[in-house]
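Handing you a structure now.
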Amino acid sequence: MKPKADSKSPYNPDHSNFQPEHYSDSEINGAGMLAPDKEPDLDEISTDNLLIQGPDYYTNYELSWLDFNFRVLFEAQDDRNPILERVNFIGIVCSNLDEFFQKRVGGLKRQIEAGMDTPSVDGLTPMEQLKAIRRKVKKMINDYRSCFFDQLKPELKKSGIEIRPYKKLTAKQKKAADDYFEKQLYPILTPLVVDQAHPFPFISNKSRSFAVEIKQNDSDDFIFARIKVPNNRPRWLVTEQSEEHAVMVNIDDIIKEHIHRLFSGAEVVSANIFRVTRNADIKRNEEEADDLLELIEEELRERRFAEVVRLEIDAGTPRHIREMLLTKMGISPLDVFDMEGPIGLADCMQLTKIKGFQKLRYKTWVPTLHPAFRHAMDEDAPDIFSIIRSGDFMVHHPYHSFATSVQRFVEDAASDPKVVALKQTLYRTSPDSRIMHSLIKAAEAGKQVAVLVELKARFDEQQNIDWAMKLEKAGIHVSYGLPGLKIHSKVTVVVRDEAEGIRRYVHVGTGNYHPGTANLYEDFGLFTCNEDIASDVTDLFNFLTGFAPNQTYKKLLVAPKYLRSAFNDLIKFEMNEAKAGRPARIIAKMNSLEDPILIQKLYQASRQGVSIDLIVRGVCRLKPGVSGLSENIRIHSVIGRFLEHSRVYYFQHGGKDLFYIGSADMMHRNLDARVETITPIENEQLKAYLQFVLKVLLKDNRQRWVLKKNGSYKKIYPEKGEVEVGTHSVLMNHSTSYKDPIPSSTTGNPGP
């Protein structure tokens, strides 16, 4: 049901004439916040455009991110999870940490090199942040390595999976390892000596290498050599396996045991593993780039040779070898992290792929067919376009199948003779995406196909470049976005020539068109042929591929021009309701909450008495529960089997219950530096489902954490006699039910 415009509301739901607030450059300081006329006064926080900053109001972004990774680590420490899933979480923690150093630490180091010492909004300078990061990372390293080696390895052994050092293998197992070295490793390994004729070699990002010290038998001179461990071979070799028992060995251990084979006639004095992480924060100048594709390709080349931001090294490495590595790589002791034992445990995710041992994993989950697609056995499956015409519906991944909904939408459109055009945004997808192949098929069939490919999707740039070239070769209109903006929207429109005339069918989602992550990431997607939304999506593509700087929208909230001011006015409305003594409620679910200006607005709303629950999986810079500031704000974080990725926004709005889903978090980059799309959910049944999901998240006592006002997170457990509520298990069970899709318990306000 379409909400009616309210004359007393500053927010018009149709907002065809909606205009954003504008601030002059002089009003905004370097932190992206409104500049104060005087020192901040807590009693005046309800005044618009007031700057507040410092540790009393904001947590540090980097330290909050590390806190998130500690919550992920807890899943590895939690013995309620299956043992192989716990091992997988160790891999996720380490992979997350790799990306953190590449992106965040790399960026801080760039600031320091540029002489910048301006503190962030939480009061910490770049150098202070690096030192605080180091302290926290050292604790994280200790915790995850203790978890893996002291807890998980012994439990794996009890469960039938042994990871043995080479020297403790049986003769038969050693024979298997020796054969593997001779046939699979020795032909690949290349020792690189460093001397006057051979410069220090380039050490590639995230690669493991041996620092080897050798001595000729007839000489007292020592020589340094580097051997790269091949990354195209599995990290662990299974030397023996039966139905209930497996013995594995680390290939690093195999190489070290046979390393003398690479230096015939010389003595190997020492051989120690090290691993480097390189900066991914590369400068670009899009305004001066003639070809964005060429610019991104150049950036990828630069990133490969970017400076080292972390060195992980075997704690037993001789001091002079360590000092030589630091000198050659141009790093300081602050960048070095000592490790006892194997390095690079992101590869733990490979351990979980061992054949068999299903009882040590989560019970297999197969996403269900969405109720809209279900039909009687003796009936033909309805076509997807007639389903959408019968009313809006919303898929919820990974509970509903991506293949039978979003993927089918594009595949059916590609083969439907009535479809004349398809348009889609592409941020991330799989290497062999069926959706991309369907778009190529559609173009080959003579349909007009346009794809907006975001070349700047971090760490997926090369794959997106490859797809862009394949799409162009097939005759598809490919655009690369806008200078200075990332295209983060998740939108597809299908144009169909029907008897009644042209009709547009739209999918607006919170997640990427990626079949792999759709089975692991939690996301929503709306299917509709609502004419206003369809018109907005068409206008959005015209803005992205053409030139329409003053484009307005009837339904969609689009960043960077309109979304910030829409959020601002929606929060203001709740403040006015609370001020008038009426119920006022905000619930928002997102990946991260970082934007200082919106945080100020939420503080203001709390002071007016608005009840606010924020479900923030990752970074949260807002401080909840502070007397006189945020005592009406509660912060929740849900971590578990699936990655909570969707963005959902609820505003009570005088009883109208406004719901939105889309691609944007409450972060500066989403509001001001990306093209984002948020759509209203107006169908009452779909609003009820979102209400149900929010209730489950807020009642979770299995996967939920609560942020305390001192900045620490508290894990929520069931009270004595209380039934355990785990979001992911509840929603998996719910999606398999053929009952009414919305439980009756969802009536009323979405809060707990």
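The values are calculated or read from the model by the stated rules, or taken from the named source; none is laboratory data. This one's a predicted model, so the numbers in the text were calculated from it and none came from an experiment. Cβ atoms come from the backbone with ideal geometry, glycine included; neighbour counts cover every protein chain shown.
Can you name the condition, by its number, that L293 falls short on among (1) at pLDDT 85 or above; (2) of a type outside the set (S, T, N, Q); (3) assigned by TED's automatic domain parsing to the domain that holds K109; (4) over 30 Å from Q241 (Cβ atoms)?
(1)
Rundown of residues vs (1) touching a His at 6+ places or on another chain (Cβ under 6 Å); (2) charged (D, E, K, R); (3) farther than 30 Å from A548 by Cβ, yes/no style:
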{"position": "V648", "(1), (2), (3)": "no, no, no"}
{"position": "D657", "(1), (2), (3)": "no, yes, yes"}
{"position": "R674", "(1), (2), (3)": "yes, yes, no"}
{"position": "T679", "(1), (2), (3)": "no, no, no"}
{"position": "Q691", "(1), (2), (3)": "no, no, yes"}
{"position": "L694", "(1), (2), (3)": "no, no, yes"}
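A further question follows. Taking the conditions exactly as written (touching a residue at least 24 places away in the same chain (Cβ under 8 Å), acidic (D, E) and out of contact with any helix residue (DSSP H, G or I) (no Cβ under 7 Å at 6 or more places or on another chain)), does D150 satisfy them or not? Spell out the reasoning first.
On the way: touching a residue at least 24 places away in the same chain (Cβ under 8 Å): no; acidic (D, E): yes; out of contact with any helix residue (DSSP H, G or I) (no Cβ under 7 Å at 6 or more places or on another chain): yes.
For D150, the condition - touching a residue at least 24 places away in the same chain (Cβ under 8 Å), acidic (D, E) and out of contact with any helix residue (DSSP H, G or I) (no Cβ under 7 Å at 6 or more places or on another chain) - is not met.
A further question on this structure: Restricting the search to segment 654-685, which residues are of a type in the set (D, E, K, R) and part of a strand (DSSP E or B)?
Of segment 654-685, the ones of a type in the set (D, E, K, R) are 656-657, 665, 669, 672, 674, 676, 682, 684.
If the condition is that a residue be of a type in the set (D, E, K, R) and part of a strand (DSSP E or B), then R674, E676 are the ones that fit.
Assess whether S270 counts as being assigned to a loop (DSSP other than H, G, I, E, B), under 30 Å from G330 (Cα atoms) and in contact with a helix residue (DSSP H, G or I) (Cβ under 8 Å, 6 or more places away or on another chain). I'd like the intermediate steps shown before the answer.
On the way: assigned to a loop (DSSP other than H, G, I, E, B): no; under 30 Å from G330 (Cα atoms): yes; in contact with a helix residue (DSSP H, G or I) (Cβ under 8 Å, 6 or more places away or on another chain): yes.
Spelling it out, it is not the case that S270 is assigned to a loop (DSSP other than H, G, I, E, B), under 30 Å from G330 (Cα atoms) and in contact with a helix residue (DSSP H, G or I) (Cβ under 8 Å, 6 or more places away or on another chain).
With respect to I587, is the statement that it is closer than 16 Å to Q652 by Cβ and touching a residue at least 40 places away in the same chain (Cβ under 8 Å) true? Let's see the steps before the verdict.
Details: closer than 16 Å to Q652 by Cβ: yes; touching a residue at least 40 places away in the same chain (Cβ under 8 Å): yes.
The answer is yes for I587.
Follow-up question, since we're still on this one. Which of the residues spanning segment 489-499 are crowded, with 19+ Cβ neighbours inside 10 Å and either assigned to a loop (DSSP other than H, G, I, E, B) or free of Cβ contacts under 8 Å to residues at least 12 places away in the same chain (or both)?
If the condition is that a residue be crowded, with 19+ Cβ neighbours inside 10 Å and either assigned to a loop (DSSP other than H, G, I, E, B) or free of Cβ contacts under 8 Å to residues at least 12 places away in the same chain (or both), then S489, K490 are the ones that fit.
Can you find a residue in segment 300-319 that is farther than 26 Å from V137 by Cβ, touching a helix residue (DSSP H, G or I) at 6+ places or on another chain (Cβ under 8 Å) and modelled with pLDDT under 95?
Yes.
Assuming D536 fulfils every condition listed in (1) in contact (Cβ under 8 Å) with a residue 60 or more places away in the chain; (2) under 28 Å from the mean Cα position of the chain (by Cα) apart from one, which condition is it?
Failing condition for D536: (1).
Go through the residues of segment 339-350 one by one and say whether even a single one is farther than 22 Å from V238 by Cβ, surrounded by 15 or more Cβ atoms within 10 Å (Cβ to Cβ) and over 24 Å from the mean Cα position of the chain (by Cα).
Looking for residues that are farther than 22 Å from V238 by Cβ, surrounded by 15 or more Cβ atoms within 10 Å (Cβ to Cβ) and over 24 Å from the mean Cα position of the chain (by Cα), one finds at least one in segment 339-350, hence yes.
Let me confirm something: among P191, P199, which residue is modelled with pLDDT under 95 and surrounded by 13 or more Cβ atoms within 10 Å (Cβ to Cβ)?
Values: P199 fails: surrounded by 13 or more Cβ atoms within 10 Å (Cβ to Cβ).
Unique residue meeting the criteria: P191.
Right, something else. Can you tell me which residue among K554, K561 is touching a His at 6+ places or on another chain (Cβ under 8 Å) and among the basic types (K, R)?
The conditions single out K554.
Is it the case that I255 is farther than 21 Å from H320 by Cβ, touching a Pro at 6+ places or on another chain (Cβ under 6 Å) and not in a strand (DSSP E or B)? I'd like the intermediate steps shown before the answer.
On the way: farther than 21 Å from H320 by Cβ: yes; touching a Pro at 6+ places or on another chain (Cβ under 6 Å): no; not in a strand (DSSP E or B): yes.
Considered against the rule, which asks whether it is farther than 21 Å from H320 by Cβ, touching a Pro at 6+ places or on another chain (Cβ under 6 Å) and not in a strand (DSSP E or B), I255 comes out as no.
Now a separate question. Just to be sure, is N217 polar (S, T, N, Q), in the same structural domain as A177 (by TED's automatic domain parsing), touching a strand residue (DSSP E or B) at 6+ places or on another chain (Cβ under 8 Å) and over 30 Å from N96 (Cβ atoms)?
Values: polar (S, T, N, Q): yes; in the same structural domain as A177 (by TED's automatic domain parsing): yes; touching a strand residue (DSSP E or B) at 6+ places or on another chain (Cβ under 8 Å): yes; over 30 Å from N96 (Cβ atoms): yes.
In short, yes.
Then there's this: List pairs: first in segment 178-203 and of a type in the set (S, T, N, Q), second not in a loop (DSSP other than H, G, I, E, B), Cβ under 8 Å, 6+ apart or cross-chain?
Cβ pairs passing all conditions: T190/I227; T190/K228.
Sticking with this one: Residue pairs, Cβ under 7 Å, 6 or more apart or interchain, first in segment 348-377 and more than 30 Å from L526 (Cβ to Cβ), second of a type in the set (V, I, T) and part of a helix (DSSP H, G or I). List them.
C348/V87; C348/I90; L351/V87; T352/V87; L360/I83
Could you say which residue among V87, V105 is crowded, with 21+ Cβ neighbours inside 10 Å, in contact with a strand residue (DSSP E or B) (Cβ under 8 Å, 6 or more places away or on another chain) and in contact (Cβ under 8 Å) with a residue 12 or more places away in the chain?
Values: V87 fails: in contact with a strand residue (DSSP E or B) (Cβ under 8 Å, 6 or more places away or on another chain).
Checking each option against the conditions leaves just V105.
What pairs come up if the first residue lies in segment 472-488 and is under 13 Å from R674 (Cβ atoms) and assigned by TED's automatic domain parsing to the domain that holds K423, the second is of a type in the set (K, R) and surrounded by 15 or more Cβ atoms within 10 Å (Cβ to Cβ), and their beta carbons are under 8 Å apart, counting only those six or more places apart or on different chains?
Note: pairs meeting the criteria are G481/K456; L485/R674; K486/K456; K486/R669; K486/R674; I487/R674; H488/R674.
Follow-up question, since we're still on this one. Kindly list the number of the only condition in (1) in a loop (DSSP other than H, G, I, E, B); (2) over 21 Å from the mean Cα position of the chain (by Cα) that fails for Y650.
Evaluating Y650 over (1) in a loop (DSSP other than H, G, I, E, B); (2) over 21 Å from the mean Cα position of the chain (by Cα) leaves (1) as the failure.
What are the residues in segment 402-417 that are surrounded by fewer than 22 Cβ atoms within 10 Å (Cβ to Cβ), out of contact with any Phe, Trp or Tyr (no Cβ under 8 Å at 6 or more places or on another chain) and not in a helix (DSSP H, G or I), if any?
P417
Just one of (1) farther than 16 Å from V506 by Cα; (2) at pLDDT below 85 trips up L426, so point out which.
(1)
Any residue in segment 712-728 that is touching a residue at least 24 places away in the same chain (Cβ under 8 Å) and crowded, with 18+ Cβ neighbours inside 10 Å sitting within a Cβ distance under 6 Å of a residue that is of a type in the set (D, E) and assigned to a loop (DSSP other than H, G, I, E, B)? List the pairs, counting only those 6 or more apart or interchain.
V725/D700; T727/D700
Okay, moving on. Being surrounded by 21 or more Cβ atoms within 10 Å (Cβ to Cβ) and either more than 20 Å from L334 (Cα to Cα) or touching a residue at least 12 places away in the same chain (Cβ under 8 Å) (or both) is true for just one of S120, S95. Which residue is that? Working first, answer last.
Numbers: S95 fails: surrounded by 21 or more Cβ atoms within 10 Å (Cβ to Cβ).
None of the others qualify; the one that does is S120.
Would you please name the residue that is nearest to the chain's Cα centre (by Cα), looking only at residues in segment 653-674 that are farther than 14 Å from G511 by Cα and acidic (D, E)?
D672
Which of the residues that make up segment 500-547 are assigned to a loop (DSSP other than H, G, I, E, B), in contact with a helix residue (DSSP H, G or I) (Cβ under 7 Å, 6 or more places away or on another chain) and either in the same structural domain as V675 (by TED's automatic domain parsing) or under 20 Å from A664 (Cβ atoms) (or both)? Steps first, answer last, please.
Looking only at segment 500-547, we keep the residues that are assigned to a loop (DSSP other than H, G, I, E, B), and these are 500, 510-516, 520, 529-530, 546-547.
Filter once more, so that each one left must be in contact with a helix residue (DSSP H, G or I) (Cβ under 7 Å, 6 or more places away or on another chain): 511, 513, 515, 529.
Within segment 500-547, G511, Y513 meet the criteria.
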